[in-house]
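Below is one structure, written out as structure tokens, with a few remarks after it.
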């Protein structure tokens with residue numbers, strides 16, 4: 001695995017192809033076991049974790065570091081699947097330093113769920129769609145389709161990741177599989 | 001023409017298609033007459049300006065404003081062409097607030113020329129290539145091909161645009177048409 005560059009960062013040409021960035025930085029892999037407390041049906045999550053422990057998503061970063069004044073990028077791939085009826089999704093996070101971010105759909109279909117602690121919004125994502133995440137909105141991505149859902153993220157290096165915020169406040173709504181595609185339902189915390 | 005939104009900005013779904021962003025913000029059009037003092041052959045520039053005054057490039061912005069903490073985006077289309085042997089290009093600018101930026105090639109081929117006042121770098125751009133512009137590097141885009149060259153820019157809203165910097169300091173090198181494709185030559189200021 002490669003790592004982030006140390007500043008000062010030189011001008012760079014970064015090629016994007018399928019699930020590849022070249023040159024590449026760190027890769028992060030999230031399995032069901034990494035999503036403790038996030039799925040609505042905790043019994044289903046526990047048994048799926050103990051039997052297979054699927055990779056839910058991976059995040060491949062460019063070598064541009066997460067430091068102030070830089071503008072790092074990453075490609076997230078969320079596998080298709082559900083835990084009980086809840087679609088595979090990212091943990092979701094809030095930026096400790098409130099900064100905007102964009103997601104650009106690359107392949108597959110999905111959703112971008114946003115929550116500011118009061119209102120939630122859901123943006124349907126597809127290739128060539130930009131999802132704009134304003135400062136102050138927690139965000140989670142969901143694969144709502146049968147193929148891997150992949151998107152490019154671009155975000156200020158100072159933004160940071162607060163995952164605890166989502167455990168404390170939720171995301172406003174959940175995205176469940178439905179015959180029509182997907183249903184948005186009230187969040188409710190995990191059933192114990 | 002639409003305009004930038006006023007903060008606070010809501011979460012947004014922005015569709016990208018050909019030279020379109022929907023919803024869209026302001027569009028800026030640059031003709032040869034807007035590139036005074038930038039082409040090497042000033043006599044050729046003046047006569048081409050007086051006879052036709054081609055549109056050299058246009059910049060279509062999303063509605064996300066250029067204000068701190070937001071992350072605006074734009075699509076630039078540089079038309080194919082040359083003035084004397086110098087390829088059509090953007091004015092080039094430096095960020096008064098030194099912040100990184102990315103360009104993502106969408107169609108056609110081109111180049112990203114960077115200059116920090118001392119060194120210059122040239123990045124060949126094509127679809128699915130990310131050009132990374134570190135903080136502190138002035139940047140100019142060039143169409144080196146026969147078709148329009150189009151790219152998505154993503155940049156922190158606080159960055160700003162200093163065009164005077166390029167008039168004072170140049171860009172280190174120029175990009176000229178050559179049988180082999182393109183040549184990089186020393187900058188030299190405009191001939192009077």
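The values are calculated or read from the model by the stated rules, or taken from the named source; none is laboratory data. Predicted, not measured: the structure shown is a model, and the values here were computed from it. Here Cβ is always computed from backbone atoms with ideal geometry, including for glycine, and neighbour counts include all displayed protein chains.
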Of residues in the stretch A:68-101 being within 11 Å of chain B (Cβ to nearest Cβ) and surrounded by fewer than 18 Cβ atoms within 10 Å (Cβ to Cβ), the one nearest to residue A:136 (Cα to Cα): A:98
Scan of the stretch A:54-85 for residues that are without any contact (Cβ under 8 Å) to a residue 60 or more places away in the chain and over 18 Å from the mean Cα position of the chain (by Cα), ordered by number: A:84
Hey, residue B:162 out of contact with any helix residue (DSSP H, G or I) (no Cβ under 7 Å at 6 or more places or on another chain), free of Cβ contacts under 8 Å to residues at least 24 places away in the same chain and under 27 Å from residue A:67 (Cα atoms) or not: no
Elements of type strands (runs of 3 or more DSSP E) contained in the stretch B:105-186, each with 3 or more residues being at pLDDT below 95 and away from chain A (no Cβ under 14 Å): none
Residue list for the stretch A:135-159, filter: within 23 Å of residue B:9 (Cα to Cα) and free of Cβ contacts under 8 Å to residues at least 60 places away in the same chain: A:135, A:136, A:137, A:138, A:139, A:140
Among the residues listed as B:103, B:88, the single one being without any contact (Cβ under 8 Å) to a residue 60 or more places away in the chain and closer than 17 Å to residue B:166 by Cα: B:88
Boolean, residue B:172 is farther than 18 Å from residue B:59 by Cα, in contact (Cβ under 8 Å) with a residue 12 or more places away in the chain, in contact with a helix residue (DSSP H, G or I) (Cβ under 7 Å, 6 or more places away or on another chain) and surrounded by fewer than 23 Cβ atoms within 10 Å (Cβ to Cβ): no
Some residue of the stretch B:37-50 being at the interface with another protein chain (Cβ under 9 Å from one of its Cβ atoms) and either under 21 Å from residue B:172 (Cα atoms) or free of Cβ contacts under 8 Å to residues at least 60 places away in the same chain (or both): no
